[in-house]
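Everything below concerns the one structure shown next.
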Amino acid sequence: MKKIRVTQQQRDNLLDALNVMWPSVPPANVYTKLDRFVDKGYDGQLHCGSIACFGGWCAAWPGFKNQGTSLTSGGVPIYSNGFIRGWGTEVANRLFGHGVFSVRNDHPADEGFKGNDHKLVTHRLQWLLKNSEVVA
């Protein structure tokens with residue numbers, strides 16, 4: 001597989017998500033329903049209802065909010081720079097250079113994976129770290 005090209009900021013975001021943000025999310029706060037995201041700011045107690053509940057946590061994480069992520073009134077994570085508004089996968093692409101918010105079994109890292117959604121997100125982040133390279 002050809003390496004996924006990411007910027008240094010995207011690599012830094014990946015490491016922040018993998019080593020700081022996601023480990024702070026209690027596995028009990030991650031559910032397998034794929035129908036909604038968080039509708040509050042980050043407070044350490046978010047419940048979102050998605051594998052990529054991860055997306056909602058990213059949109060609420062202060063370091064990522066400073067880069068333009070936010071939540072709509074319905075709780076869906078977006079990226080906004082004042083001119084461009086992107087949803088879900090685009091948030092992941094902008095933050096990490098790759099879409100990691102896809103549903104279970106719809107991501108190359110998922111093949112053969114067994115475990116809960118919290119572990120699956122960690123697995124996808126580790127997969128992206130292994131399969132990406134920083135470019136100028």
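List the chymotrypsin sites (Phe, Trp or Tyr not before Pro) within region 94-126 that DSSP assigns to loop and that have no more than 15 neighbouring Cβ atoms inside 10 Å. Provide the component values of the computation, followed by the final result.
Numbers: sites: F96, F101, F113; in loops: F101, F113.
Filter output for region 94-126: F113.
Sort 124-131, 18-25 for me by packing, meaning the mean count of neighbouring Cβ atoms within 10 Å per residue, highest on top.
Put in order of decreasing packing, that is 124-131, 18-25.
Which residues does the label zone of Q9 cover in region 91-126, counting backbone N under 16 Å from a point 7 Å along Cα→Cβ?
91-98
No lab work stands behind these numbers, since they all come straight from the coordinates. Keep in mind that what you see is a predicted model, and the values were worked out from it rather than measured. Here the Cβ is made from the backbone with ideal geometry for all residues, glycine too, and neighbour counts use every protein chain on show.
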